[in-house]
Amino acid sequence: MDKKIPLTNAEKQKRYRDKKESLGKKEVRGYLTEEAQACLNEIRDLTDWDDSTILSNAIRLTYAAQKCGQVKQLNAWLVKNNK
């Protein structure tokens, strides 16, 4: 009887990443400022969204603002409101 060798954590993580990639998803990583962390926590509390949903929506909203010529206005609001 052949015994299966259990997968290591690294192998499990790679398999998980490969599965997500095959579904057309891309991993994005970065570090948040304290202000951004506070915003993240507030958005999480208000919406019950997970980090992936928050990040995806943030990118889509930024893209929409850029397409509508509103990125400078959005950034000015962020600076003015210290966010």
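Key figures
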| quantity | calculated |
| --- | --- |
| Of all residues making up the stretch 20-41, the number that are among the acidic types (Asp, Glu) and surrounded by 10 or more Cβ atoms within 10 Å (Cβ to Cβ) | 2 |
| Among residues of the stretch 42-83, those that are open to solvent by 90 Å² or more (accessible area, probe 1.4 Å) and hydroxyl-bearing (Ser, Thr, Tyr), counted | 1 |
| Residue pairs meeting the criteria (Cβ under 8 Å; at least 6 apart or on separate chains; first farther than 14 Å from residue 28 by Cα, in the stretch 38-57; second exposed (fewer than 10 other Cβ atoms within 10 Å of the Cβ) and among the small types (Gly, Ala, Ser)) | none |
| Single unsatisfied condition, residue 17 versus (1) assigned to a helix (DSSP H, G or I); (2) open to solvent by less than 70 Å² (accessible area, probe 1.4 Å) | (2) |
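The values are calculated or read from the model by the stated rules, or taken from the named source; none is laboratory data. Just so we're clear, the structure is a prediction, and the values are computed from it rather than from any experiment. Cβ: placed from backbone, ideal geometry, glycine included. Neighbour counts: every protein chain shown. These area figures cover heavy atoms from the full protein model, side chains too; ligands, DNA and RNA do not enter into them. Shrake-Rupley method; radii C 1.70, N 1.55, O 1.52, S 1.80 Å.
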